[in-house]
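**Student:** One structure, as structure tokens, below. Some questions next.
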Amino acid sequence: MVKVIKAGKSQEEVAANDTKVSEIVSGALQDIETRGDQAVRELSEKFDKWTPESFRLSESEIKEIVAQVPDSVIEDIKFAQTNIKAFAEAQLASLHDVEVENIPGVVLGHKNIPVNSVGCYIPGGRYPMVASAHMSVLTAKVAGVKRVIACTPPINGEIPKATIAAMYLAGADEIYLLGGIQAMGAMAIGTETIESVDMIVGPGNAFVAEAKRQLYGRVGIDLFAGPTETLVVADHTADAEMIAIDLLGQGEHGPTSPGALITTSEELAYETIKEIVRQLETLPTADVASVSWEDYGQILVVDSIEEARIEADRLAFEHVEILTENPDYFLEHMTNYGCLFLGPETNVAYGDKVIGTNHTLPTKGAARYTGGLWVGKFIKTVTYQKVTPEASAYIGEYAARLCLLENFEGHARQAQLRVDRYGKK
């Protein structure tokens with residue numbers, strides 16, 4: 001039986017906020033479609049107070065910016081990128097072309113072909129997401145994407161130098177100081193000065209996420225990513241201090257970031273509440289983390305580890321930390337999550353910044369049907385077929401009958417022509 005100790009906002013309240021965001025994004029994208037660069041410039045001025053002569057940074061500007069980044073920061077970025085690249089390369093190695101002759105004379109196959117062009121969004125604002133450059137630009141390059149462009153917004157009128165350095169070191173072919181809806185629209189729709197791409201990826205705020213949703217179909221996307229989510233599954237072996245900081249540490253992302261605890265220990269549930277209150281007194285980002293916890297925090301007490309697994313799969317959260325006696329039980333049995341963090345030695349921050357797995361992950365229940373961003377997202381698995389004349393006549397007889405079964409006369413004639421042309425005379 002599940003006992004709810006704390007509940008977050010209802011789905012109805014969340015949906016009302018989503019509707020307002022959708023209307024704003026729709027208007028902005030229509031404006032970009034109609035007026036191109038001028039609309040992008042006006043939106044940039046409105047939201048970021050940023051209207052440079054060119055949003056694209058030149059090679060010399062990029063090198064000048066990178067040169068101003070401290071060596072220690074460059075080394076840290078390179079450390080993270082080394083890990084992320086190594087894991088992405090290992091994932092790429094798992095993808096293989098296939099060719100089989102399943103009937104004599106009939107050769108079927110698939111090829112893995114990288115997308116030609118990708119636009120990567122790297123968030124800025126209060127939290128300049130330097131790591132998103134590694135996760136998107138670098139992963140796309142490992143996948144073999146020929147043209148990778150990257151956008152990030154200025155921060156209070158200033159260039160985010162470390163983010164630009166990360167984009168450059170990751171291999172971005174074009175870098176733009178451009179944020180929000182205007183960046184997503186420019187990359188997907190294209191303007192007089194920004195050539196459109198085939199796919200857009202990367203995390204962002206509610207407006208960026210909604211822009212991706214509305215642009216999907218016109219271009220490909222990595223996944224629909226909403227506010228970050230963190231679930232901790234804990235038993236009697238876990239401690240409240242660790243649970244509290246791991247929840248609040250992700251709650252600082254934004255005031256709508258859900259955090260949840262599922263535990264077999266009611267005592268631990270109440271200890272965690274006390275610990276969260278205590279830590280909020282000294283956490284510098286408490287103004288954000290406290291709101292996310294108050295409005296979107298959840299605590300559920302369950303009777304068993306199996307029930308904890310069932311509830312965790314029901315929530316299908318983006319990040320799932322397992323702080324239990326046997327973390328591997330969840331690795332073996334859990335099915336709905338973006339990324340699992342097994343045991344107290346790891347945590348979401350490792351995955352977000354440095355360890356090697358990708359931090360762009362499914363939210364809002366999308367973990368029920370998709371994983372996160374990886375090299376495979378940038379690769380199209382396409383099929384082909386080659387058939388000998390004899391095999392064509394053989395297959396054609398079956399195909400013609402099956403097409404007529406569905407009343408497709410034109411289809412049947414395609415098949416019958418091959419039977420007549422390549423069959424025995």
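**Student:** Within the stretch 224-239, can you find the residues that are among the hydrophobic types (A, V, I, L, M, F, W, C) and crowded, with 22+ Cβ neighbours inside 10 Å?
**Tutor:** Scanning the stretch 224-239 gives Ala225, Leu231, Val232, Val233, Ala234, Ala238.
**Student:** How many residues are touching a residue at least 60 places away in the same chain (Cβ under 8 Å) and in contact with a helix residue (DSSP H, G or I) (Cβ under 7 Å, 6 or more places away or on another chain) if we restrict to the stretch 108-129?
**Tutor:** 8
**Student:** While we're here: Restricting to the stretch 213-249, give me the number of residues that are aliphatic (A, V, I, L, M), part of a helix (DSSP H, G or I), closer than 29 Å to Phe330 by Cβ and touching a helix residue (DSSP H, G or I) at 6+ places or on another chain (Cβ under 8 Å).
**Tutor:** 6
**Student:** Out of the residues in the stretch 33-64 that are touching an Asp or Glu at 6+ places or on another chain (Cβ under 7 Å) and not in a helix (DSSP H, G or I), state the one that is nearest to Gly185 (Cα to Cα). Spell out how you get there, then give the answer.
**Tutor:** Step one: filter the stretch 33-64 for residues touching an Asp or Glu at 6+ places or on another chain (Cβ under 7 Å), giving 36-37, 39, 51, 56.
Filter again for not in a helix (DSSP H, G or I), leaving 36, 51, 56.
Numbers: Gly36: 9, Thr51: 17, Arg56: 15 Å.
The residue in question is Gly36.
**Student:** Whether any residue in the stretch 259-271 is assigned to a strand (DSSP E or B), of a type in the set (Phe, Trp, Tyr) and open to solvent by 60 Å² or more (accessible area, probe 1.4 Å) is what I want to check. Steps first, answer last, please.
**Tutor:** First pass over the stretch 259-271, keeping only residues assigned to a strand (DSSP E or B): 259-263.
Filter once more, so that each one left must be of a type in the set (Phe, Trp, Tyr): none.
No, the conditions are met nowhere in the stretch 259-271.
**Student:** Would you point out which residue out of Ser292, Ser257 is under 27 Å from the mean Cα position of the chain (by Cα), closer than 14 Å to Lys6 by Cα and not aliphatic (A, V, I, L, M)?
**Tutor:** Values: Ser257 fails: closer than 14 Å to Lys6 by Cα.
So the residue among Ser292, Ser257 that is under 27 Å from the mean Cα position of the chain (by Cα), closer than 14 Å to Lys6 by Cα and not aliphatic (A, V, I, L, M) is Ser292.
**Student:** A further question on this structure: If I filter the stretch 295-302 for residues that are free of Cβ contacts under 8 Å to residues at least 24 places away in the same chain and open to solvent by 40 Å² or more (accessible area, probe 1.4 Å), do I get at least one hit?
**Tutor:** Within the stretch 295-302, the subset free of Cβ contacts under 8 Å to residues at least 24 places away in the same chain is none.
There is no residue in the stretch 295-302 that is free of Cβ contacts under 8 Å to residues at least 24 places away in the same chain and open to solvent by 40 Å² or more (accessible area, probe 1.4 Å).
**Student:** Shifting gears a bit: Considering only the stretch 328-370, how many residues are assigned to a helix (DSSP H, G or I), open to solvent by 20 Å² or more (accessible area, probe 1.4 Å) and of a type in the set (D, E, K, R)?
**Tutor:** Result for the stretch 328-370: 4.
**Student:** Could you list, in sequence order, all residues of the stretch 376-411 that are among the hydrophobic types (A, V, I, L, M, F, W, C) and either open to solvent by 70 Å² or more (accessible area, probe 1.4 Å) or more than 33 Å from the chain's Cα centre (by Cα) (or both)?
**Tutor:** Val387, Ala391, Ala393, Ile395, Ala399, Ala400, Leu402, Cys403, Leu404, Leu405, Phe408
**Student:** Please list, ordered by first then second residue, the pairs with beta carbon atoms under 9 Å, 6 or more apart or interchain, first in the stretch 323-335 and among the polar types (S, T, N, Q), second open to solvent by less than 90 Å² (accessible area, probe 1.4 Å) and not in a loop (DSSP other than H, G, I, E, B).
**Tutor:** Thr324/Val233; Thr324/Ala234; Thr324/Ile305; Thr324/Ala308; Thr324/Phe330; Asn326/Ile305; Thr335/Asp313; Thr335/Ala367
**Student:** A follow-up question, please. Show the residue pairs meeting these rules: Cβ distance below 8 Å; 6+ apart or different chains; first residue within the stretch 362-378 and farther than 15 Å from Leu340 by Cα and without any contact (Cβ under 8 Å) to a residue 60 or more places away in the chain; second residue β-branched (Val, Ile, Thr) and open to solvent by 40 Å² or more (accessible area, probe 1.4 Å).
**Tutor:** Sorted first by the residue in the stretch 362-378, then by its partner, the list stays empty.
**Student:** Given the options Val98, Val148, Val73, Val142, name the one that is closer than 21 Å to Ala188 by Cα, open to solvent by less than 70 Å² (accessible area, probe 1.4 Å) and not basic (Lys, Arg).
**Tutor:** Val148
**Student:** Of the conditions (1) part of a strand (DSSP E or B); (2) of a type outside the set (Ser, Thr, Tyr); (3) in contact with a Pro (Cβ under 7 Å, 6 or more places away or on another chain), Ile322 clears all except one; give me its number.
**Tutor:** The one condition Ile322 does not meet is (3).
The values are calculated or read from the model by the stated rules, or taken from the named source; none is laboratory data. Because the structure is predicted, anything quoted here is derived from the model rather than measured. In this analysis, Cβ positions are derived from the backbone assuming ideal geometry, glycine residues included, and neighbour counts consider all displayed protein chains. Surface accessibility is based on the protein's heavy atoms, side chains included, excluding ligands, DNA and RNA. Shrake-Rupley method; radii C 1.70, N 1.55, O 1.52, S 1.80 Å.
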